[in-house]
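The values are calculated or read from the model by the stated rules, or taken from the named source; none is laboratory data. The structure presented is a predicted model; accordingly, all values stated were derived computationally and were not measured. As a convention, Cβ positions derive from the backbone with ideal geometry for all residues, glycine included, and neighbour counts pool all protein chains shown. Calculation scope for accessible area: heavy atoms of the full protein, side chains included, ligands and nucleic acids excluded. Shrake-Rupley method; radii C 1.70, N 1.55, O 1.52, S 1.80 Å.
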Amino acid sequence: MTDDATGANARTSARPSLEGLEARWSQRWQEEETYAFDRSKGREDVYAIDTPPPTVSGILHIGHVFSYTHPDLIARFQRMRGKAVFYPMGWDDNGLPTERRVQNYFGVRCDPSLPYDPAFEPPATPDPKRPVAVSRRTFIELCARLTLADEVVYEQLWRRLGLSVDWSHQYTTIGDVARAASQRAFLRNLARGEAYTAEAPTLWDVTYATAVAQAELEDRDRPGAYHRLAFAGPDGPVEIETTRPELLAACVALVCHPDDERYRALVGSSVRTPLFDVAVPVLAHPLADPAKGSGIAMVCTFGDLADVTWWRDLQLATRVIIGRDGRLRAEPPADVPADVYAPLAGLSVKQAQARIVELLRESGTLLGEPRPITHPVKFYENGDAPLEIVGTRQWYLRNGGRDRELRQELLGRGEALRWVPSHMRHRYEHWVGGLTGDWLISRQRYFGVPFPVWYALDADGQPDYDRPLVPDEARLPIDPSSEVPTGYTEAQRGQAGGFLADPDVMDTWATSSLTPQIIGGWERDDDLFARVFPMDLRPQSHEIIRTWLFASIVRAHAEQGVLPWRATMISGWILDPDRKKMSKSKGNALTPIDMLERYGSDAVRYWAANGRPGVDTALDEGQMKIGRRLATKLLNASSFVLGLGEVADDDEVTEPLDRSVLAQLSEVVRSATEAFVAYDYTRALSEIEAFFWRFCDDYIELVKERGYTDSPAGRSARAALRLALDTQVRLFAPFLPFVTEEVWSWLHPGQGSVHRAAWPAPEDHAGDGEVLTVVSGVLGQVRRAKSERKLSMRAEVGTAVIAAPAAARSRLAAASGDLRAAGRIGVLDLVDGAELVVTTHW
C-alpha cells in the first residue's frame with residue numbers, strides 16, 4: 001500500500017489519528033529530499049541560516065528542542081515563500097565539555113607523555129574517580145568515538161522534532177573542513193598582525209590545567225573572610241584587609257586612591273610585609289576604593305584582575321608563587337626568605353590559606369580574627385574550582401579590548417546588524433564596551449584544532465617565539481605534533497637547532513566563530529560561498545552573545561570585512577517550575593523524548609512556538625496538551641470537510657457567509673505574513689490559531705447542513721470550506737509539519753509536500769468579513785441561552801428575536817438560512833435596535 005493510499009484510508013476512517021505520522025513522514029521527507037538546498041538559485045533567492053552546532057556532551061534537553069524549533073519555523077516559512085533555504089546542521093564536538101564527558105564515560109585521563117597503545121580498550125567498569133592514564137592519541141580517539149555516537153542520537157532527535165535541515169550539509173567542529181578553515185583563518189590573522197603570542201598573566205583553571213578567556217568567566221558567590229594584616233610602615237603599622245592572605249609572599253605593593261588623605265603621606269614610601277619582611281612600595285592608583293576595607297589594598301601577582309591592572313599600570317615587580325597545578329611553588333621568589341616560606345611550599349591554595357593564618361596569628365600581625373563574608377569569585381563557566389592567575393605564554397586575537405579604533409568598528413557592526421528582539425543589541429554593546437584585553441584563543445587541552453605553528457630551536461634548544469614557522473595553506477589541515485615544518489625532518493623535533501611544535505589547541509569558540517565560513521564553503525567551494533554568504537540569519541541564545549556572536553563578528557570583520565549575517569534571532573531560556581534556568585549543570589534539565597512520545601512532535605513544537613524571541617519561557621505541558629488538541633482538531637476538521645464531497649473546478653463561492661469567511665482568512669494571511677517577516681512567529685501562530693477555532697466552531701457549524709446539499713449554495717459552501725482548509729493547512733505548516741503534511745496528502749494526493757507548496761497570499765474575495773462576525777455572535781448567544789437552560793445544542797428554538805442596527809440586520813439577513821439551521825431556530829425575527837440583543841422563545 002502506498003503512503004498516499006494509507007493517508008486516504010486514515011482520512012476516511014471514523015477517527016483519523018496522529019499516531020504514526022512522525023515516522024512515516026520523516027522517512028518520506030528523507031527519501032524525497034524534501035528539504036534539499038537548491039544551489040542553482042542566485043543569492044537573491046537564497047535564505048541561509050547559520051544554525052547553532054549543539055555541544056556534543058551527552059544528551060539534548062528540552063531547552064534545545066525549544067530554541068532549535070524557532071529557526072525551523074523561519075526556515076519553513078522562507079521555503080514556502082519561494083526561497084532556496086540553506087539550512088545545515090553542525091556538531092560542536094571539540095572542547096572541554098566533550099573532554100569532560102569522555103573522561104567520565106570511559107574513566108580515563110590524558111597523559112601526553114605516554115606512548116600510543118593501538119590495542120587499548122577502556123575499562124569495562126569505568127571509575128571516573130580513579131581514571132586510567134592514556135596517551136594523547138588514544139584520548140583523542142576515544143573523544144571521536146563517543147562524539148560520533150552522540151551525534152547519531154542528536155540527529156535522530158532533530159529528525160523526530162521535524163527540523164527541516166538539509167542533512168547533506170553536516171559538519172563537525174573537529175572535522176577536516178572545520179580544522180582547515182580554522183587554521184587558515186588563524187594563519188591569515190597571524191599574517192595581518194591580528195593574532196600574536198605573548199607571555200602574560202592568564203586566567204587559569206587548575207582542574208583542567210588550561211587558560212580561560214574573559215568571555216568564559218562567571219561569578220559565583222562563595223564563602224570567604226577578610227583578614228586584617230599589619231604591614232610595618234615608616235611611622236607605625238599600616239593595616240590592610242585581604243581575602244587572600246596566602247598570597248602575602250607574592251605582594252609587590254600597597255595601593256591607595258590618589259585623593260585619600262589617610263594615606264597621601266605614605267605614597268612614595270615603602271612598607272614591609274608581615275611575616276616575610278619584604279619591602280614593597282606604597283603607590284596611588286584611581287582604581288583603589290577608599291570605602292573598601294581599610295581603603296588601602298595589597299597588590300599581589302596575582303590574586304585577581306585588579307592586581308593585573310595595577311601591576312601593568314604601575315610597572316610593578318613580579319613575585320609569582322602559585323603554579324599551574326593550583327599549589328604554591330616549591331621555591332619562593334628571590335627576595336622572599338626561604339625558611340619562612342617553607343611551611344607553605346607545595347600546599348593547595350586552601351591549605352596555604354589556613355597555614356599562613358596560623359603563622360600570622362603567631363607573629364601577632366593578624367589583627368583580630370578573620371571576618372566571614374560571602375563574595376563573588378571568578379570561575380570558568382564549565383569549571384569546578386576558582387580560577388587562579390598565572391604567567392603563561394598564550395595566543396591572542398585582537399578584538400578591540402586594547403584598540404579603541406577596532407572597538408568602534410566592531411560596535412558599528414553591531415549597529416548594522418538586525419537584532420530580534422532589538423534590545424539584545426545592548427548586551428553586545430555592553431560586552432564590547434567593557435572588554436579589558438584581547439581574546440585569548442589558546443587552550444592547554446587535547447581534543448581541539450591544533451595551532452598550525454612550529455618554533456625553531458636555537459643552539460641552546462630555546463624556541464624562537466617571535467618568528468613562528470607556518471605551513472603553506474595547501475597543507476591544511478595539519479597537526480604539527482606529527483608533521484614537520486618545511487625544511488626540517490622528524491629527527492630534528494625537540495633537538496637544538498631543530499624545531500618544536502606548538503603544543504596548544506584553539507579555544508572551541510575560535511572554531512565555532514567561523515561557522516558561516518565553514519558551512520558556506522569558504523576557500524573550498526567558491527560557488528556555494530557566493531550563494532550563501534553573508535548569511536541571512538544567526539539564531540542563538542542570549543548568554544553567548546559575548547562569545548559566539550561577538551567572536552563570529554570579529555572573524556568576519558577581519559577576513560571578509562563584512563557582517564557574517566544580516567540578522568540575529570535571540571532565544572530566551574527555558575525555566576523550570578521554580579523559574580530557574582534549565583541546564584544539565586544545574587541538574588534540572590529534562591530530556592525531551594518523554595514529552596515527544598506523550599504529546600507528539602507537533603504539540604511540543606506548538607509549545608516552543610509560543611515562546612517569543614528573547615523571552616525566557618517556562619516549561620508548560622499544558623500548552624503541549626493544547627497543541628495536541630489543535631493537531632487532532634485539524635485532522636478531524638479536514639476529514640469532515642473532505643467528507644462533504646468533491647469540489648469541481650467551476651464551483652464558485654457565491655454566498656455572503658462563504659465570501660465573508662474567505663475575507664477574514666485573507667486578513668489573517670496578511671497579518672501572519674507580516675509577523676513572520678518580522679520574526680514574530682508567536683503572533684503569527686496566535687492569529688492563525690484563533691481563526692482556525694472560529695472556522696471550526698462557528699463557520700463549519702453554520703454551513704454544514706448547506707454543505708451537504710447539491711445546490712449552488714451547497715457547492716459554494718464546499719468550495720469555501722475546501723479553499724479555507726487548503727490555506728490554513730499551509731499557514732499551520734511551519735508550526736505543525738507532520739499533521740499538515742498528512743492533511744495535504746488528502747487534499748492533493750501525489751502532488752508533493754505541503755512544505756514545498758506556496759505560502760498563501762492575501763486575496764480579495766470581495767466579501768464582507770463582518771458577516772461571519774455578526775452571525776457568529778448571534779449563534780453564540782443562542783448557544784448560551786440553551787446552556788443556561790441546560791438544553792442540548794440540538795434543541796429547537798421556536799422564535800429568536802434579534803434587535804440590531806441596520807448594518808447588522810442586513811448582514812444577518814444575508815446568512816439567515818445558515819443561522820437558523822445551525823441554531824435550530826424556527827422563526828428568525830429581525831427588528832431595529834441600538835445594539836445587538838438576542839431574545840429566544842421556546
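Counting every Cα pair in segment 369-426, what percent are over 17 Å apart?
70 percent
With θ set to phi - 60°, apply the Karplus curve 6.51 cos²θ - 1.76 cosθ + 1.60 along segment 673-686 and write out the HN-Hα couplings as whole Hz, x wherever there is a Gly or Pro.
Result, ordered by residue: 5, 4, 5, 5, 4, 8, 6, 9, 5, 5, 5, 4, 4, 4 Hz.
Would you work out which of GLY780, THR508, ILE296 lies farthest towards the positive end of the dipole of the chain, given +1 charges on the beta-carbon of Lys and Arg and -1 on that of Asp and Glu, about the Cα centre?
So the residue we want is GLY780.
Take the residue pairs LYS580/LYS625; LYS83/LYS625; LYS41/LYS625; LYS625/LYS704; LYS292/LYS350 and return only those whose Cα atoms are more than 30 Å apart.
Pairs exceeding the cut-off: LYS83/LYS625; LYS41/LYS625.
Taking H placed 1.01 Å from N in the peptide plane, check which residues at least 5 places from THR202 or on another chain put their amide H under 5 Å from its amide H.
VAL390, GLY391, THR392
Sort ARG272, ARG404 by heavy-atom solvent-accessible area, probe 1.4 angstrom, most to least.
Heavy-atom accessible area, descending, gives ARG404, ARG272.
Using modelled amide H (1.01 Å from N, peptide plane; none on Pro or chain starts), what sits under 5 Å from the amide H of ALA84, excluding residues fewer than 5 places away?
Placed amide hydrogens put VAL46, TYR47 under 5 Å from ALA84.
Could you tell me whether segment 659-698 comes out rounded, prolate or oblate from its Cα gyration tensor? Rule is a ≥ b ≥ c as square roots of the eigenvalues, rounded for a/c under 1.5, then prolate if a/b exceeds b/c, otherwise oblate.
Oblate shape, in that a/c is at least 1.5 and b/c is the bigger or equal ratio.
Can you give me the P(r) profile for the chain? Cα pairs, bins 10 angstrom wide beginning at 0, each as a whole percent.
2, 11, 17, 18, 16, 12, 9, 7, 5, 2, 0, 0
Leaving out ligands, DNA and RNA, and with a 1.4 Å probe, what % of the accessible surface on segment 734-798 is carbon or sulfur?
Heavy-atom surface of segment 734-798 belonging to carbon and sulfur, 1.4 Å probe: 49 percent.
Among LEU283, LEU217, LEU828, flag the residue with its Cα farthest along the positive direction of the charge dipole of the chain, charges on Cβ as +1 for Lys/Arg and -1 for Asp/Glu.
With unit charges placed on the Cβ atoms, the residue in question is LEU828.
How many percent of the accessible area of segment 330-485 is carbon or sulfur, using a 1.4 Å probe?
Of all accessible area on segment 330-485, carbon and sulfur atoms account for 49 percent.
Which value at 222 nm does the chain reach when only helices count, each DSSP H run of 4 or more adding -39,500 (n - 2.57), with the total divided by all residues and rounded to the nearest 500 deg cm²/dmol?
-12000 deg cm²/dmol
Sequence-distant or interchain residues sharing an amide H contact under 5 Å with THR172, placed H: which?
So THR172 has HN proximity to TRP91, ALA178.
How large is the charge dipole for the chain, taken about the Cα centre, if only the Cβ atoms of Lys, Arg (+1) and Asp, Glu (-1) carry charge, to the nearest 20 debye?
Using Cβ point charges on Lys, Arg, Asp and Glu, the chain gives about 1560 debye.
So, taking all protein chains as they sit and a 1.4 Å probe, how much accessible area belongs to CYS696, in Å² rounded to tens?
The accessible area comes out at roughly 10 Å².
Which of rounded, prolate, oblate describes segment 669-772, given a ≥ b ≥ c as roots of the alpha-carbon gyration tensor eigenvalues and a/c under 1.5 marking rounded, otherwise prolate only if a/b is larger than b/c?
Judged from the Cα gyration tensor, segment 669-772 comes out oblate (a/c at least 1.5, b/c at or above a/b).
Rolling a 1.4 angstrom probe over the protein chains, ignoring ligands and nucleic acids, what is the accessible area of VAL838 in square angstrom, nearest 10?
VAL838 has an accessible surface of roughly 30 Å² with all protein chains in place.
What nm distance separates the two modelled labels at GLU141 and ALA766, each placed 7 Å from Cα along Cα→Cβ?
Computed distance between label sites GLU141 and ALA766 equals 7.8 nm.
May I ask you to give the solvent-accessible area per residue for the chain, in square angstrom, as obtained with a 1.4 angstrom probe?
Per residue, the chain has 42 Å² of solvent-accessible surface.
For SER363, put the label point 7 Å out on the Cα→Cβ axis and report which residues of segment 256-297 keep their amide N under 18 Å from it.
Residues passing the 18 Å test: 270-282, 297.
Cα gyration tensor of segment 89-184, axes a ≥ b ≥ c as square roots of the eigenvalues: rounded (a/c below 1.5), prolate (a/b > b/c) or oblate?
oblate
Considering only the other residues whose Cβ falls under 10 Å of the Cβ of TRP419, what net charge follows from Lys and Arg at +1 and Asp and Glu at -1?
+2
Near LYS786, which aspartates and glutamates are there with a Cα under 12 Å away, not counting those fewer than 8 places off in the same chain?
Within the straight-line cut-off, LYS786 pairs with GLU796.
Taking the dipole about the Cα centre of the chain, with the C-beta of Lys and Arg at +1 and of Asp and Glu at -1, give me whichever of TYR208, VAL85, GLN664 is farthest to the positive side.
Value: GLN664.
Per-residue HN-Hα couplings for segment 597-602, Karplus 6.51 cos²θ - 1.76 cosθ + 1.60 at θ = phi - 60°, whole Hz, x for Gly and Pro?
Rounded to whole hertz, the list is 6, 6, 10, x, 5, 4.
Each residue of segment 177-186 in turn: what ³J(HN,Hα) in whole Hz from Karplus with 6.51, -1.76, 1.60 and θ = phi - 60°, glycine and Pro shown as x?
Computed from phi, the couplings for segment 177-186 are 4, 5, 5, 5, 5, 5, 5, 5, 4, 5 Hz.
Given points 7 Å out from each Cα along the Cα-Cβ axis, report the PHE120 to ALA291 separation in nanometres with one decimal.
5.5 nm
For every other residue with a beta carbon closer than 12 angstrom to the beta carbon of PRO376, add +1 if it is Lys or Arg and -1 if Asp or Glu, then tell me the sum.
Surrounding charge for PRO376 is -1.
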